[in-house]
Structures are given as structure tokens and as C-alpha cells.
1. Could you pull out the trypsin sites (Lys or Arg not before Pro) across the stretch B:72-171 that fall in loop regions by DSSP (anything but H, G, I, E, B) with no more than 15 other Cβ atoms inside 10 Å?
2. From the C-alpha gyration tensor of the stretch A:282-398, pull out the three semi-axes of the equivalent ellipsoid (sqrt of 5λ each), sorted largest to smallest, in whole Å.
3. Across all directions of projection, what mean area in square nanometres is found for the Cα convex hull of the stretch A:437-509?
4. For q values of 0.20 Å⁻¹, compute log₁₀ I(q)/I(0) with the Debye formula on a Cα-only model of the stretch B:123-179, without solvent.
5. Given A:K114/A:K259; B:K66/B:K211; B:K102/B:K232; A:K28/A:K192; B:K66/B:K227, which pairs have Cα atoms separated by over 26 Å?
6. Output needed for the stretch B:182-242: three equivalent-ellipsoid semi-axes, defined as square roots of 5 times the C-alpha gyration tensor eigenvalues, in descending order, whole Å.
7. Okay, helix-only estimate at 222 nm for chain B: each DSSP H run of n ≥ 4 adds -39500 (n - 2.57), divide by all residues, round to 500 deg cm²/dmol; what do you get?
8. Rounded if a/c is under 1.5, else prolate if a/b is larger than b/c, else oblate: which is the stretch A:422-551, with a ≥ b ≥ c the root eigenvalues of its Cα gyration tensor?
Amino acid sequence: MKKLILALILFSGAAVSDDITVTAVVDKNLVNSGERIALQVTVSGSSTPALKVPQMNDFNLYAGGQRTQSSFSFVNGKMSNSSSVIYDYTLNPKGPGKFTIPSFTVEAGGKVFKSAPIQVEVVKGAQPPPQAARPDGQAQSTGGNDLFVQVNLDKYRVYVNEPVIMTFGFYNRVNLAGQPQYTPPDTTGFWKEDLPPQINSSRNGYNVVELKTALFPASPGQYTIGTASLICPVPVRGQGEDFFGGIFGGAKNVRLDSKPVLVTVLPLPEEGRPADFSGTVGRFGISATVDKREVKTNDAVTLTIGISGTGNIKTIAEPKLLLSDEFKKYETVSELNINKDNYEVKGSKVYKTVLVPRKAGKLAIPSIKYTYFDPGDKKYHTISANPIILNVAQGPKEESNYANLPSLPQAEGVKVFGSDIRFIKPAGKYTFARALLYKSTVFLLVSLLPFFAWISILGGRKLKSSRDENAVYFKASRAYSKAAKSLKALGGGGQKPGREEYLGKLEAVYAEYIGNKINRPAAGLSLGEIKEILSKRLKDPELIDGAVKLFEELHFQRYAPAGNASKEQGSLLSAVRDLIGRLDKAGL
Amino acid sequence: MRSLAKIIILALLPVTMLSADSGLDAANKLYESGKYTEAAAAYGAAINAGNAGAEAYYNLGNACFKDKKIGFAILNYEKALAISPRDADIKYNLEFARNFVKDNAVEDSAGRFLNAVYRFLTLNELCALLAAAFYLLMGGLIFRLYRKDELSYWLVSGASVLFLLILLFSGARVLEYETNNPAIVVLLSVEAKSAPIDATPAAFTLPEGKKVYILNTRQGWAEVLLKGENIKGWVKQDSIAEIR
């Protein structure tokens, strides 16, 4: 978009610059050597760029100043704005011959516009050009006795920035045929300030018109104030062949030139120059005022600092305002007043600053100082305004409660305007403070429940296993006496059971004894098992063998046919009793 | 047996639970209409009547803050936070109110994050957690009586580590609770003296809302410790208020 706009501007500029014309006109094409040629170059069009002066080999070129004319015209309902700049030059041919004044050019929008070259012929002087006689004591004048101009300065040695009043005087004793055209001198190196109005007076029989200009040299050195010229239409008299000529102003233009003037600009003395000197030359005074002295905090106070006096007002710099942090300072605006009464550049520069006191109490605006150089006594002067005391009352605090809050984060899209505590919670469900659990006996007991459970389970298992062990021991220890008792009962009186029943009982007693001793149920014991367990517990293999053989014997006898190789029941009983006794002794 | 214990615990917890009082509603209405002083009094009355919930303390803190009593506001936010330590609103407002205390000392020696972890649970929650870990440990041990296998081994080992950790943590909290008596300065710029005697010149000043720890009390005076600055002094007892 920006590029497009730029392109449009460039294009329009180029389009507009098409209508620039450059024309160069000389007052005469044929001159005597030593005579000057007045050259006028006009650049006109909707824009008037700077004129480029060509290289001149055959002439000495003197610039005579420039002036601007503007005009608006309506053509076919369209308004066109054109301005023209007229440059005046004086050419001094270096010698006789035919010369060409080269083209003057301007450049606009990439295009070059040229004036047509002009042919000039310089012939070897038949007579020198009429040089004007000098009026008494005036060095800077040319022209005839009836007309002459001169440039006077009020001083020729000045300091930088010290004003020089240049007076251009036009002296005439004849009536002019029209308004003279004034071309001011070249005053490069000076600030120019015109001092109107022109002064008309009459002196020594001359009508005197004086134009005053104040010149402020910008930097030290030697400067030349160039030629000021005046082109006067002078009526031609005494050439009465033409009747109409006398009446209708057979007039010719007379060009009057002043002589260039040399001015020496001195640098300001280094000696005694204060550090805060900003280059102001003249004579000045300073004042400082506030619009109100009784204020509240955060109220605005306007501080006005005025520097006024004689000198180049435009070069006055802003005085330094050294304020404490108790004030908030806003931007300063300045105002320039220039007064040219009595042909002197006077005036004032006023700086207005808005201050906001932050604290209550008596606050002081310190004295404001300003330094200038006075060319009159050739010294630096420092002027100061009186300090100002403000009585500041406490104004309304703006959210003072939140004044010391840290700055709040501002996420993009979310703008935090201020911050506050969060809102109250509605009545409804409540979280209540509870009694401390660890101080509650019930809680402690409940917490310890699994411990008690563990302990009791552990204790129960211990008790059971120990009781089981006791039962085995009891059985084993009682096995012998029980077996002996049973054998006694079997061998004792009473009705005798049958042989098979008797042997079955005997075997059962024996098996029970063995079972009790080894903590195994008597029924279902196989011989192999008995042998294995006994061999673990006993060392005597003969005894183990006997015990196993007795089992086999009892079993065999029980189911063997009666009387056939049968042993006596009593001997079997005693064999069992004998073996049990031996086993018990062996420590089964 | 364990489900029975759970029932007992559940029955134990709501011992102090009371039905919501309309006194809080009335106080909330006062607050909403901007009568903060009256609202604060109404909240205080409701709390005294037994409605001492975290919300009541929080709302009381808000009313005190709006009434520009920073000390009391902080006091009540602290009370609310002790009951309900994970409530974001309470934490926010407490932090907000603390910004108004002209105090540059660090609140606690532990870092912010550690402190948040440390205070994540209430003492009762920690105790219940400890009891649960103990149940797990004991359950594992009982299980191991019947099944001496790898599962029971890891169950018991894990439960022991968990139990010991929680025991250490809750032990520290209980010890802190039993040995510290925090209080908040509730009056504007309180002077602390080096001895509990009126004639003693002031040793230092305490800003309103500053947290102190009461060490001793004596005839209307309290000896307080400033943990961040590590200084002690005696202040009038009515210039501070205990958080619990």
C-alpha cells in the first residue's frame, strides 16, 4: 500500500514537472568589453526546482539574488498553480569575441529542463561604459549623479550572531517612469531579518529611500555582502523626434549596482564563557511565573519562562529546568514574538511547561538561569529568574489503596483494569474445622485395629502350634504305659477271646504304640513306612529289624490256620511286651 | 473388620458439622450492599454461633479487607486456609492482602513451591492418610502370615516405605503445629519492646498484617518471634490475634 502511494506521488510529481520552463534573457546581445550584461533566468511551472548554473569560461558571473512570483489561473475550469523564480545575474565578459551563454538547467522528476543558449558578442570597447561619479564620501555607490544606490552597514566588525543593520539607500533627483525593481544583495552566511517599513526622506536635494535589513552572522570569518541592484525605468528626455516618445515615456531601464561590502565576523571570546552558554548574543532578561501558587497534588501548574531582549530571538535555546522528582514534567511548548520597531530586532521567546506536583508540602521550582553574550561590553552575562515556591495541598488520592501494588500482567487480549480481592463465597455447603484426629482416642484405637488383629492372629497361631507339639509329646510319653496296660488287660483273666480276635487286639496295641511314638495314626501304616521312620529315630538296626519282624509275625499268625506252626498266644504277648520295653529304652 | 473401622472413621468426621445458619446469608447480603463493617460483625456473630467454616472465615476476611482492616483480613484468611488449604480463592485473597503489608521479609524459610506442597493437606487429612497407610501395612503383614510369597513381600515392603514417609511428614506437621503458635498483627504499626514493661523504649515496629509466632504470654503481653527477621520482642496481647 505504502509503495503504491509512493509510486502515485512520484508519478504525479513527474506529470506535474512536465510543464516547467526555463528561459534566459539578456538585456543586450552586443556589448563593449568592460560592459556588463544583465542576465535573467526564469524558472516557472507548477514546481520550481533549484537552478543549476553552468560552467562559464568566458564570463565572470555574479549572482544578484532571486525572487519568487506565484500565480493561480483557471483554464477550462481547472485550477493550475504556477510559480516562477527569477534569478538575476551579472555577467562580466573576460574579453572581446563571440561567446555563448550556456544553458541553465533544472532537474525535476528525472527530467532535465534547459534554457536556450544565448549568443553574445563583445566588441573591443569603443568607449568605456559610463561610470558614475561618486557622491561625496560614499564608496559604495554607482549610477549617475541623478540616481545612485549605496549599501551601508552600521558596523563592519561584528561578533557571531551580533546583528548588523544593513541599509540599502536609493538616492534620486529625477522622477522615475515606473517602480524600480530591487534585487537584494547576496547575504550568504547571515541570518536575514527584513526591517520594514522603508524610510522615505530627502537629503541634499535627493529623494532617499532606505531599506533596512538586520543580518546575523552565523559563523566567524570574512564575508562579502554582494551587490544590491536596482533597475529603474528612467524617462528619456530631449529626444523629441518622436512626438509620442516624450509623452508616452520613452523610458529606458537603468541598472544601479552597489559595491560589495566586506564584513569581518569575530568569534565569541573563549575567555569567561560559561559552560551553559548556548550561543545567544544580545541583551536579554528572564522571567519565570506560574499560573497558580496554591495547588493540590496531581493538579497541573503551568510554568512560563520568558526570555526577552534585543538580539537574534530565534537562536534562544530552551533554558534548563532542573526539577526534583517531586514534580512530573510534561512537554514544553515555545512561542516566539519578534518585534522590529525602531529597526532593531527585539522580542521574546516564551516556554510553557506543565508541571504536576506529586507530593504535598512546599515545593520549590529552582531558579532558572540563562547565559548570553553582550557585544556591547563584550562579556558573558548570566541572568536568573527568582525561584518559585508552590504550596501543594494533598489532593484526592487516586486509588491510593492500590498504589503500591505490583504492576499487573497484561496478557494480549485481556486488559486488566484494576484488581481486587475475589468475591465472597455463598452460604450453602460449608467446610468446617474439625477436631484434631490425632488427639482423638477413638481415632487412635481405630487406627491401631489392624495391629491388634495382626498381633492376635500371630498369638493364636503360636498357641495352636505349641499345643499341637504338646499333644504329640503327651501321646509319645504315654504310649508305653498305655500299651503295657492294654497288654496286661489282654493277658489277664476273664474270658479269653478267640485266637484271631486276640491276635488282632495284640497287633492293634503294638501298632498304636508305634503310631503314638512317631505321631502318626496307627491305621494305614505300612511296614515300609514304619521301617523308614524307625531307622531315622533308632540306631540299632537289629532292634528295627526285630520290630518290623514282629509286625510281620503278628500279621502272619493272625491269619495263619490255627495250630499249624502257631505260636502260643502267651509267647507272642510276651514278645510284644519285650519289644515295646526295648523300644522305649532305646528312646523311640 | 476394616469396613467396620471405615464406618467408625466416617462417623467420627462430621462430629462438629452443623447445619448452615441463615446468619451467614444475612451477613452476605450486608456485604453485597457495601456495608462492610456491619457485614464483618455479622460474620463474627455467625462464627461465634458455631458456623466456623472456611467460607465464613473467608467472607469475614473479605469484609475486613473492604473495611481496610488488613490485619484482621489476613488473620481470617489464614484461619480459612487452615481449614481448607487447597482453596484457590482463599489463597488468592490472602496473597492479595499480604501485598498491602509493608513487609519485605520472606514469609517462610521454605520456598513457595515446597511450602505449597507442605501445606497441601490438613493435619486431619494427613492423619487419615497415615492411618490408611498403617492399615495397608498391617494388612500386608497379616496376608504374609498366610502366604509367604513374593507378592506379600513386596506388599509389605511398599507399605512400610509409604507408611514411614507419611509418618515423617505428618510427624513434622504435628510437631510444627504443637510447637508454633502463629498470630497476626491486627493493629496499625505496633511497637515491640525488649521487655514486657510499658516504660521500655520500642525495639522495633510491626506492620499491620505481619505474621508472628507467640512464644510466651505474661500479664497482657506476648513475646513474639519474627521468623524471617529472626528477632524477638514483647507486644501487647490485644495488638495481635492468634490464628488458632
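1. Details: sites: B:K79, B:R86, B:K91, B:R98, B:K102, B:R112, B:R119, B:R144, B:R147, B:K148; in loops: B:R86, B:K102, B:R119, B:R147, B:K148.
Loop-located and lightly packed - B:R86, B:K102, B:R147, B:K148.
2. Details: eigenvalues 207, 39, 20 Å².
So the equivalent ellipsoid measures 32, 14, 10 Å along its semi-axes.
3. If you wrap the Cα atoms of the stretch A:437-509 in a convex hull and average its projections, you get 8.4 nm².
4. Listed by q, the Debye log ratios stand at -0.68.
5. Checking Cα-Cα distances, A:K114/A:K259; A:K28/A:K192; B:K66/B:K227 exceed 26 Å.
6. The answer is 15, 12, 11 Å, longest axis first.
7. Roughly -18000 deg cm²/dmol at 222 nm, from the helical runs in chain B.
8. prolate
The values are calculated or read from the model by the stated rules, or taken from the named source; none is laboratory data. Everything numeric here is computed off the predicted structure, so don't read it as measured data. Note that we place each Cβ from the backbone using ideal geometry, even for glycine, and neighbour counts take in every protein chain shown. Each accessible area value is taken on the protein alone, full model and side chains, heavy atoms only, with ligands, DNA and RNA left out. Shrake-Rupley method; radii C 1.70, N 1.55, O 1.52, S 1.80 Å.
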